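Visitor: Dropping a structure here in C-alpha coordinates format, bear with me for questions.
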(Lines give C-alpha, C1' and ligand atoms only; values in the text may rest on other atoms or scores of the structure.)
Protein backbone atom coordinates (compact mmCIF):
# COMPACT_ATOMS: atom_id res chain seq x y z
CA UNK A 1 0.00 0.00 0.00
CA UNK A 2 1.02 3.58 0.54
CA UNK A 3 3.40 2.70 3.33
CA UNK A 4 5.16 0.24 1.03
CA UNK A 5 5.58 2.96 -1.59
CA UNK A 6 7.17 5.40 0.84
CA UNK A 7 9.46 2.68 2.15
CA UNK A 8 10.41 1.75 -1.39
CA UNK A 9 11.21 5.39 -2.26
CA UNK A 10 13.30 5.73 0.87
CA UNK A 11 15.25 2.57 0.07
CA UNK A 12 15.84 3.70 -3.52
CA UNK A 13 17.32 7.00 -2.34
CA UNK A 14 19.49 5.28 0.25
CA UNK A 15 20.82 2.75 -2.25
CA UNK A 16 21.51 5.51 -4.76
CA UNK A 17 23.63 7.35 -2.21
CA UNK A 18 25.44 4.21 -1.06
CA UNK A 19 26.18 3.18 -4.63
CA UNK A 20 27.64 6.61 -5.31
CA UNK A 21 29.74 6.43 -2.13
CA UNK A 22 31.64 3.28 -3.10
CA UNK A 23 34.23 5.07 -5.29
CA UNK A 24 35.19 7.20 -2.27
CA UNK A 25 36.02 4.24 -0.07
CA UNK A 26 39.64 4.03 -1.22
CA UNK A 27 40.25 7.57 -0.02
CA UNK A 28 37.98 7.87 3.02
CA UNK A 29 37.49 4.28 4.11
CA UNK A 30 34.12 2.78 5.08
CA UNK A 31 33.03 5.91 6.91
CA UNK A 32 30.45 8.66 7.10
CA UNK A 33 32.84 10.85 5.06
CA UNK A 34 32.67 8.49 2.11
CA UNK A 35 28.87 8.58 2.35
CA UNK A 36 28.87 12.40 2.49
CA UNK A 37 31.03 12.60 -0.61
CA UNK A 38 28.83 10.09 -2.40
CA UNK A 39 25.67 11.97 -1.43
CA UNK A 40 27.09 15.16 -2.88
CA UNK A 41 27.79 13.54 -6.25
CA UNK A 42 24.13 12.57 -6.66
CA UNK A 43 22.75 15.92 -5.64
CA UNK A 44 22.08 15.49 -1.92
CA UNK A 45 23.75 17.63 0.75
CA UNK A 46 26.74 16.20 2.61
CA UNK A 47 24.59 15.93 5.74
CA UNK A 48 22.65 13.14 4.05
CA UNK A 49 24.96 10.74 5.89
CA UNK A 50 22.46 11.23 8.72
CA UNK A 51 20.17 8.84 6.83
CA UNK A 52 22.56 6.10 7.87
CA UNK A 53 22.67 5.85 11.64
CA UNK A 54 25.19 3.03 11.59
CA UNK A 55 27.49 5.01 9.32
CA UNK A 56 30.21 3.04 7.56
CA UNK A 57 28.67 -0.28 8.57
CA UNK A 58 25.70 0.40 6.30
CA UNK A 59 28.06 1.01 3.40
CA UNK A 60 29.87 -2.27 4.03
CA UNK A 61 26.52 -4.06 4.35
CA UNK A 62 25.28 -2.58 1.07
CA UNK A 63 28.44 -3.61 -0.74
CA UNK A 64 28.22 -7.14 0.65
CA UNK A 65 24.59 -7.49 -0.40
CA UNK A 66 25.06 -6.28 -3.97
CA UNK A 67 28.09 -8.53 -4.40
CA UNK A 68 26.00 -11.46 -3.17
CA UNK A 69 23.23 -10.59 -5.60
CA UNK A 70 25.66 -10.31 -8.51
CA UNK A 71 27.12 -13.66 -7.62
CA UNK A 72 23.67 -15.27 -7.34
CA UNK A 73 22.68 -13.97 -10.76
CA UNK A 74 25.94 -15.15 -12.34
CA UNK A 75 25.64 -18.59 -10.76
CA UNK A 76 22.02 -18.85 -11.84
CA UNK A 77 22.91 -18.03 -15.46
CA UNK A 78 25.79 -20.46 -15.34
CA UNK A 79 23.67 -23.35 -14.13
CA UNK A 80 20.84 -22.58 -16.53
CA UNK A 81 23.12 -22.31 -19.55
CA UNK A 82 25.20 -25.33 -18.60
CA UNK A 83 25.05 -28.40 -20.76
CA UNK A 84 23.62 -31.16 -18.52
CA UNK A 85 26.04 -33.73 -19.89
CA UNK A 86 29.01 -31.56 -19.00
CA UNK A 87 27.86 -30.81 -15.44
CA UNK A 88 30.64 -29.19 -13.49
CA UNK A 89 31.79 -31.18 -10.50
CA UNK A 90 30.44 -29.62 -7.29
CA UNK A 91 33.86 -29.06 -5.71
CA UNK A 92 35.12 -27.24 -8.79
CA UNK A 93 31.91 -25.24 -9.05
CA UNK A 94 32.17 -24.16 -5.43
CA UNK A 95 35.83 -23.25 -5.81
CA UNK A 96 34.99 -21.15 -8.85
CA UNK A 97 32.09 -19.44 -7.08
CA UNK A 98 34.14 -18.56 -4.00
CA UNK A 99 36.94 -17.20 -6.19
CA UNK A 100 34.45 -15.09 -8.17
CA UNK A 101 32.99 -13.67 -4.99
CA UNK A 102 36.34 -12.89 -3.44
CA UNK A 103 37.55 -11.19 -6.62
CA UNK A 104 34.73 -8.67 -6.17
CA UNK A 105 36.58 -7.42 -3.09
CA UNK A 106 39.84 -6.80 -4.95
CA UNK A 107 39.09 -3.17 -5.90
CA UNK A 108 38.59 -2.43 -2.17
CA UNK A 109 41.25 -4.73 -0.81
CA UNK A 110 43.23 -1.91 0.76
CA UNK A 111 40.32 -0.94 2.98
CA UNK A 112 38.90 -4.45 3.43
CA UNK A 113 40.53 -5.09 6.83
CA UNK A 114 38.66 -2.03 8.09
CA UNK A 115 35.42 -3.46 6.70
CA UNK A 116 36.03 -6.76 8.49
CA UNK A 117 36.63 -4.97 11.76
CA UNK A 118 33.46 -2.93 11.36
CA UNK A 119 31.40 -6.06 10.69
CA UNK A 120 32.74 -7.79 13.76
CA UNK A 121 31.45 -5.08 16.10
CA UNK A 122 28.56 -6.47 18.18
CA UNK A 123 25.70 -4.48 16.62
CA UNK A 124 26.84 -5.44 13.13
CA UNK A 125 27.39 -9.14 13.75
CA UNK A 126 23.79 -10.33 13.09
CA UNK A 127 23.47 -8.78 9.60
CA UNK A 128 27.03 -9.87 8.78
CA UNK A 129 26.23 -13.47 9.68
CA UNK A 130 22.97 -13.29 7.75
CA UNK A 131 24.83 -12.07 4.66
CA UNK A 132 27.34 -14.87 5.00
CA UNK A 133 24.57 -17.45 5.33
CA UNK A 134 22.80 -16.10 2.25
CA UNK A 135 26.06 -16.24 0.32
CA UNK A 136 26.92 -19.84 1.20
CA UNK A 137 23.30 -20.90 0.72
CA UNK A 138 23.32 -19.54 -2.83
CA UNK A 139 26.63 -21.20 -3.66
CA UNK A 140 25.51 -24.57 -2.28
CA UNK A 141 22.12 -24.35 -3.98
CA UNK A 142 23.54 -23.59 -7.44
CA UNK A 143 26.22 -26.24 -6.95
CA UNK A 144 23.33 -28.69 -6.80
CA UNK A 145 22.68 -29.20 -3.11
CA UNK A 146 19.02 -30.01 -2.57
CA UNK A 147 19.27 -31.53 0.90
CA UNK A 148 16.49 -30.89 3.39
CA UNK A 149 17.97 -32.46 6.49
CA UNK A 150 20.82 -31.70 8.82
CA UNK A 151 23.41 -31.84 6.03
CA UNK A 152 21.88 -28.56 4.81
CA UNK A 153 23.46 -27.01 7.88
CA UNK A 154 26.74 -28.93 7.99
CA UNK A 155 27.56 -28.12 4.34
CA UNK A 156 26.84 -24.45 4.70
CA UNK A 157 28.75 -24.07 7.93
CA UNK A 158 31.75 -25.81 6.36
CA UNK A 159 31.62 -23.56 3.30
CA UNK A 160 31.25 -20.46 5.47
CA UNK A 161 34.41 -21.51 7.30
CA UNK A 162 36.30 -21.97 4.04
CA UNK A 163 35.12 -18.63 2.71
CA UNK A 164 36.11 -16.74 5.85
CA UNK A 165 39.53 -18.38 6.04
CA UNK A 166 40.25 -17.61 2.39
CA UNK A 167 39.06 -14.03 2.83
CA UNK A 168 41.46 -13.54 5.74
CA UNK A 169 44.28 -15.13 3.75
CA UNK A 170 43.53 -12.81 0.84
CA UNK A 171 43.90 -9.58 2.75
CA UNK A 172 47.53 -10.34 3.54
CA UNK A 173 48.40 -11.99 0.22
CA UNK A 174 50.94 -10.00 -1.81
CA UNK A 175 51.34 -12.38 -4.74
CA UNK A 176 50.52 -11.46 -8.32
CA UNK A 177 46.77 -11.64 -8.96
CA UNK A 178 46.37 -13.30 -5.56
CA UNK A 179 47.63 -16.62 -6.90
CA UNK A 180 48.54 -17.82 -3.43
CA UNK A 181 44.99 -17.22 -2.25
CA UNK A 182 43.47 -19.40 -4.98
CA UNK A 183 45.97 -22.17 -4.15
CA UNK A 184 44.99 -21.85 -0.49
CA UNK A 185 41.32 -22.07 -1.45
CA UNK A 186 41.96 -25.20 -3.52
CA UNK A 187 43.71 -26.90 -0.61
CA UNK A 188 40.88 -26.00 1.83
CA UNK A 189 38.27 -27.40 -0.52
CA UNK A 190 40.27 -30.59 -0.91
CA UNK A 191 40.36 -30.90 2.86
CA UNK A 192 36.59 -30.76 3.06
CA UNK A 193 36.04 -32.84 -0.05
CA UNK A 194 32.92 -34.47 1.28
CA UNK A 195 31.08 -31.31 0.23
CA UNK B 1 -20.73 2.95 45.74
CA UNK B 2 -21.46 -0.59 44.70
CA UNK B 3 -23.74 0.78 42.01
CA UNK B 4 -20.97 3.12 40.75
CA UNK B 5 -18.52 0.20 40.53
CA UNK B 6 -20.94 -1.80 38.44
CA UNK B 7 -21.30 1.05 35.93
CA UNK B 8 -17.53 1.38 35.72
CA UNK B 9 -17.17 -2.35 35.04
CA UNK B 10 -19.73 -2.25 32.27
CA UNK B 11 -18.02 0.79 30.70
CA UNK B 12 -14.56 -0.76 30.82
CA UNK B 13 -16.01 -4.03 29.50
CA UNK B 14 -17.20 -2.19 26.40
CA UNK B 15 -13.79 -0.54 25.95
CA UNK B 16 -12.08 -3.88 26.34
CA UNK B 17 -14.23 -5.31 23.56
CA UNK B 18 -13.36 -2.41 21.26
CA UNK B 19 -9.66 -2.76 21.97
CA UNK B 20 -9.74 -6.49 21.29
CA UNK B 21 -11.40 -5.91 17.93
CA UNK B 22 -8.86 -3.19 17.13
CA UNK B 23 -5.98 -5.45 18.10
CA UNK B 24 -7.31 -8.31 16.00
CA UNK B 25 -7.66 -5.97 13.05
CA UNK B 26 -4.10 -4.70 13.54
CA UNK B 27 -2.82 -8.25 13.78
CA UNK B 28 -4.62 -9.18 10.58
CA UNK B 29 -3.15 -6.17 8.74
CA UNK B 30 0.28 -7.00 10.14
CA UNK B 31 -0.03 -10.60 8.95
CA UNK B 32 -1.11 -9.41 5.50
CA UNK B 33 1.99 -7.23 5.18
CA UNK B 34 4.24 -10.04 6.30
CA UNK B 35 3.06 -12.45 3.63
CA UNK B 36 4.28 -10.32 0.76
CA UNK B 37 7.92 -10.75 -0.20
CA UNK B 38 10.00 -7.67 0.59
CA UNK B 39 9.71 -5.07 -2.17
CA UNK B 40 13.36 -4.06 -2.25
CA UNK B 41 16.32 -6.06 -1.13
CA UNK B 42 16.77 -5.63 2.56
CA UNK B 43 20.11 -6.37 4.11
CA UNK B 44 19.17 -9.98 4.53
CA UNK B 45 16.77 -11.20 1.89
CA UNK B 46 16.68 -10.88 -1.87
CA UNK B 47 13.59 -10.09 -3.89
CA UNK B 48 13.61 -13.64 -5.21
CA UNK B 49 13.35 -15.22 -1.77
CA UNK B 50 10.15 -15.67 0.16
CA UNK B 51 9.09 -13.60 3.15
CA UNK B 52 9.85 -14.70 6.69
CA UNK B 53 6.25 -15.83 7.24
CA UNK B 54 6.18 -18.12 4.24
CA UNK B 55 9.59 -19.50 5.09
CA UNK B 56 8.49 -20.24 8.62
CA UNK B 57 5.29 -21.91 7.40
CA UNK B 58 7.05 -24.20 4.98
CA UNK B 59 9.69 -25.07 7.53
CA UNK B 60 7.24 -25.99 10.28
CA UNK B 61 4.99 -27.91 7.87
CA UNK B 62 7.93 -29.95 6.65
CA UNK B 63 8.90 -30.67 10.25
CA UNK B 64 5.33 -31.73 11.00
CA UNK B 65 5.08 -34.07 8.04
CA UNK B 66 8.38 -35.71 8.78
CA UNK B 67 7.26 -36.17 12.39
CA UNK B 68 4.01 -37.72 11.19
CA UNK B 69 5.91 -39.99 8.80
CA UNK B 70 8.04 -41.26 11.69
CA UNK B 71 5.04 -41.67 14.00
CA UNK B 72 3.30 -43.93 11.50
CA UNK B 73 6.56 -45.80 10.93
CA UNK B 74 6.74 -46.45 14.66
CA UNK B 75 3.12 -47.60 14.75
CA UNK B 76 3.66 -49.91 11.77
CA UNK B 77 6.72 -51.40 13.41
CA UNK B 78 4.54 -52.62 16.28
CA UNK B 79 1.09 -53.07 14.73
CA UNK B 80 2.02 -53.77 11.11
CA UNK B 81 0.76 -57.32 11.16
CA UNK B 82 -2.48 -56.74 13.03
CA UNK B 83 -5.92 -55.82 11.70
CA UNK B 84 -5.23 -52.08 11.85
CA UNK B 85 -2.03 -52.56 9.82
CA UNK B 86 -3.56 -51.74 6.41
CA UNK B 87 -5.24 -48.60 7.74
CA UNK B 88 -2.03 -47.29 9.27
CA UNK B 89 -0.16 -48.20 6.07
CA UNK B 90 -2.64 -46.19 4.00
CA UNK B 91 -2.30 -43.13 6.25
CA UNK B 92 1.48 -43.53 6.22
CA UNK B 93 1.60 -43.49 2.42
CA UNK B 94 -0.31 -40.21 2.38
CA UNK B 95 2.06 -38.67 4.94
CA UNK B 96 5.02 -39.70 2.80
CA UNK B 97 3.46 -37.83 -0.14
CA UNK B 98 2.94 -34.77 2.03
CA UNK B 99 6.55 -34.85 3.19
CA UNK B 100 7.84 -35.16 -0.38
CA UNK B 101 5.73 -32.20 -1.45
CA UNK B 102 7.10 -29.99 1.32
CA UNK B 103 10.63 -31.02 0.47
CA UNK B 104 9.95 -29.77 -3.06
CA UNK B 105 8.63 -26.52 -1.68
CA UNK B 106 11.70 -26.10 0.52
CA UNK B 107 13.87 -26.25 -2.57
CA UNK B 108 11.63 -24.06 -4.70
CA UNK B 109 11.13 -21.34 -2.10
CA UNK B 110 14.76 -21.55 -0.86
CA UNK B 111 13.65 -22.21 2.69
CA UNK B 112 15.99 -23.16 5.50
CA UNK B 113 14.84 -26.56 6.80
CA UNK B 114 14.40 -27.16 10.51
CA UNK B 115 17.66 -27.86 12.28
CA UNK B 116 16.01 -30.39 14.57
CA UNK B 117 15.42 -33.04 11.90
CA UNK B 118 17.35 -35.74 13.79
CA UNK B 119 15.42 -35.01 16.98
CA UNK B 120 11.99 -35.05 15.34
CA UNK B 121 12.93 -38.32 13.62
CA UNK B 122 13.63 -40.02 16.91
CA UNK B 123 10.81 -38.37 18.87
CA UNK B 124 8.24 -39.26 16.20
CA UNK B 125 9.25 -42.88 16.03
CA UNK B 126 9.27 -43.20 19.81
CA UNK B 127 5.80 -41.65 20.05
CA UNK B 128 4.42 -43.92 17.35
CA UNK B 129 5.94 -47.11 18.67
CA UNK B 130 5.17 -46.18 22.28
CA UNK B 131 1.50 -45.51 21.61
CA UNK B 132 1.23 -48.70 19.53
CA UNK B 133 2.69 -50.76 22.36
CA UNK B 134 -0.21 -49.60 24.50
CA UNK B 135 -2.56 -51.25 22.02
CA UNK B 136 -4.29 -50.50 18.72
CA UNK B 137 -6.85 -48.20 20.35
CA UNK B 138 -4.06 -46.15 21.95
CA UNK B 139 -2.36 -45.91 18.56
CA UNK B 140 -5.61 -44.55 17.15
CA UNK B 141 -5.87 -42.10 20.04
CA UNK B 142 -2.35 -40.87 19.29
CA UNK B 143 -3.33 -40.41 15.64
CA UNK B 144 -6.44 -38.48 16.65
CA UNK B 145 -4.45 -36.17 18.93
CA UNK B 146 -1.70 -35.44 16.40
CA UNK B 147 -4.09 -34.98 13.50
CA UNK B 148 -6.35 -32.61 15.40
CA UNK B 149 -3.39 -30.35 16.23
CA UNK B 150 -2.23 -30.47 12.62
CA UNK B 151 -5.70 -29.65 11.26
CA UNK B 152 -5.93 -26.61 13.55
CA UNK B 153 -2.42 -25.59 12.54
CA UNK B 154 -3.21 -25.83 8.82
CA UNK B 155 -6.44 -23.93 9.33
CA UNK B 156 -4.50 -21.10 10.99
CA UNK B 157 -2.09 -21.00 8.07
CA UNK B 158 -4.92 -21.01 5.53
CA UNK B 159 -6.53 -18.08 7.32
CA UNK B 160 -3.24 -16.17 7.18
CA UNK B 161 -2.61 -17.01 3.52
CA UNK B 162 -6.14 -16.01 2.53
CA UNK B 163 -5.13 -12.38 3.01
CA UNK B 164 -3.58 -12.55 -0.47
CA UNK B 165 -5.12 -15.42 -2.39
CA UNK B 166 -3.49 -14.63 -5.71
CA UNK B 167 0.09 -14.50 -4.56
CA UNK B 168 -0.24 -17.54 -2.30
CA UNK B 169 -2.30 -19.70 -4.64
CA UNK B 170 0.07 -22.65 -4.84
CA UNK B 171 0.70 -22.81 -1.13
CA UNK B 172 -3.00 -22.41 -0.34
CA UNK B 173 -3.96 -25.29 -2.63
CA UNK B 174 -1.34 -27.57 -1.16
CA UNK B 175 -2.21 -26.80 2.45
CA UNK B 176 -5.95 -27.07 1.86
CA UNK B 177 -5.57 -30.50 0.27
CA UNK B 178 -3.31 -31.70 3.04
CA UNK B 179 -5.65 -30.34 5.70
CA UNK B 180 -8.46 -32.41 4.19
CA UNK B 181 -6.25 -35.52 4.22
CA UNK B 182 -5.32 -34.97 7.85
CA UNK B 183 -8.98 -34.47 8.78
CA UNK B 184 -9.68 -37.83 7.16
CA UNK B 185 -6.97 -39.48 9.25
CA UNK B 186 -8.43 -37.88 12.36
CA UNK B 187 -11.89 -39.21 11.59
CA UNK B 188 -10.52 -42.65 10.72
CA UNK B 189 -8.78 -42.74 14.07
CA UNK B 190 -12.00 -41.87 15.88
CA UNK B 191 -13.87 -44.45 13.84
CA UNK B 192 -11.52 -47.20 14.96
CA UNK B 193 -12.16 -46.83 18.63
CA UNK B 194 -9.69 -44.18 19.70
CA UNK B 195 -12.03 -42.84 22.37
CA UNK B 196 -12.18 -46.21 24.07
CA UNK B 197 -8.58 -45.92 25.14
CA UNK B 198 -8.19 -45.83 28.90
CA UNK B 199 -7.25 -42.33 30.11
CA UNK B 200 -8.14 -41.04 26.64
CA UNK B 201 -8.47 -37.41 27.73
CA UNK B 202 -5.12 -37.17 29.50
CA UNK B 203 -3.35 -39.21 26.86
CA UNK B 204 -4.54 -37.06 23.96
CA UNK B 205 -4.08 -33.78 25.82
CA UNK B 206 -0.50 -34.71 26.62
CA UNK B 207 0.28 -35.58 23.02
CA UNK B 208 -1.42 -32.40 21.79
CA UNK B 209 0.72 -30.32 24.13
CA UNK B 210 3.87 -31.99 22.84
CA UNK B 211 2.86 -31.37 19.24
CA UNK B 212 2.09 -27.71 19.87
CA UNK B 213 5.48 -27.26 21.53
CA UNK B 214 7.21 -28.93 18.58
CA UNK B 215 5.35 -26.67 16.17
CA UNK B 216 6.32 -23.54 18.09
CA UNK B 217 9.97 -24.57 18.09
CA UNK B 218 10.20 -25.54 14.43
CA UNK B 219 8.64 -22.29 13.32
CA UNK B 220 11.88 -20.66 14.39
CA UNK B 221 14.68 -23.15 14.66
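The values are calculated or read from the model by the stated rules, or taken from the named source; none is laboratory data. For clarity, every value in this text was computed on a predicted model and none was experimentally measured. Quick reminder, even Gly has a Cβ in these numbers, built from the backbone with ideal geometry, and neighbours come from all protein chains shown.
Visitor: Mind listing whichever residues of region A:63-75 are buried (at least 18 other Cβ atoms within 10 Å of the Cβ), more than 9 Å from chain B (Cβ to nearest Cβ) and closer than 19 Å to residue A:18 by Cβ?
Guide: The answer is A:63, A:67, A:71.
Visitor: On to the next question. If I filter region A:76-86 for residues that are within 14 Å of chain B (Cβ to nearest Cβ), surrounded by 14 or more Cβ atoms within 10 Å (Cβ to Cβ) and part of a helix (DSSP H, G or I), do I get at least one hit?
Guide: yes
Visitor: Looking at region A:149-167, which of its residues are free of Cβ contacts under 8 Å to residues at least 60 places away in the same chain, surrounded by 15 or more Cβ atoms within 10 Å (Cβ to Cβ) and more than 14 Å from chain B (Cβ to nearest Cβ)?
Guide: A:158
Visitor: Just the residues that are buried (at least 17 other Cβ atoms within 10 Å of the Cβ) and either touching a residue at least 12 places away in the same chain (Cβ under 8 Å) or within 14 Å of another protein chain (Cβ to nearest Cβ) (or both), please, taken from region A:15-28.
Guide: A:17, A:18, A:20, A:21, A:22, A:24, A:25 - these are the residues of region A:15-28 that are buried (at least 17 other Cβ atoms within 10 Å of the Cβ) and either touching a residue at least 12 places away in the same chain (Cβ under 8 Å) or within 14 Å of another protein chain (Cβ to nearest Cβ) (or both).
Visitor: So, one more: State all residues of region A:117-148 that are in contact (Cβ under 8 Å) with a residue 40 or more places away in the chain, under 23 Å from residue A:89 (Cβ atoms) and part of a helix (DSSP H, G or I); if no residue qualifies, say none.
Guide: A:135, A:138, A:139, A:140, A:142
Visitor: For region A:16-35, enumerate the residues that are more than 21 Å from residue A:112 (Cβ to Cβ) and touching a helix residue (DSSP H, G or I) at 6+ places or on another chain (Cβ under 7 Å).
Guide: If the condition is that a residue be more than 21 Å from residue A:112 (Cβ to Cβ) and touching a helix residue (DSSP H, G or I) at 6+ places or on another chain (Cβ under 7 Å), then A:17 is the only one that fits.
Visitor: Can you tell me which residue is surrounded by the fewest Cβ atoms within 10 Å (Cβ to Cβ) among those in region B:90-112 that are more than 14 Å from chain A (Cβ to nearest Cβ) and free of Cβ contacts under 8 Å to residues at least 12 places away in the same chain?
Guide: Applying the filter and picking the extreme gives B:93.
Visitor: Select, from B:49, B:59, the only residue that is part of a loop (DSSP other than H, G, I, E, B), in contact with a helix residue (DSSP H, G or I) (Cβ under 9 Å, 6 or more places away or on another chain), at pLDDT 55 or above and under 30 Å from residue A:8 (Cα atoms).
Guide: Selected residue: B:49, the only one of B:49, B:59 that is part of a loop (DSSP other than H, G, I, E, B), in contact with a helix residue (DSSP H, G or I) (Cβ under 9 Å, 6 or more places away or on another chain), at pLDDT 55 or above and under 30 Å from residue A:8 (Cα atoms).
Visitor: Of all residues in region B:60-84, count the ones that are within 30 Å of residue A:144 (Cβ to Cβ), more than 14 Å from chain A (Cβ to nearest Cβ) and crowded, with 23+ Cβ neighbours inside 10 Å.
Guide: 1
Visitor: While we're here: Which numbered condition trips up residue B:87, out of (1) surrounded by fewer than 23 Cβ atoms within 10 Å (Cβ to Cβ); (2) outside any helix (DSSP H, G or I); (3) in contact (Cβ under 8 Å) with a residue 60 or more places away in the chain?
Guide: (2)
Visitor: Another question, then. For region A:33-62, give me each residue that is crowded, with 22+ Cβ neighbours inside 10 Å and touching a residue at least 24 places away in the same chain (Cβ under 8 Å).
Guide: Listed by number, the residues that qualify are A:34, A:35, A:56, A:58, A:59, A:60, A:61.
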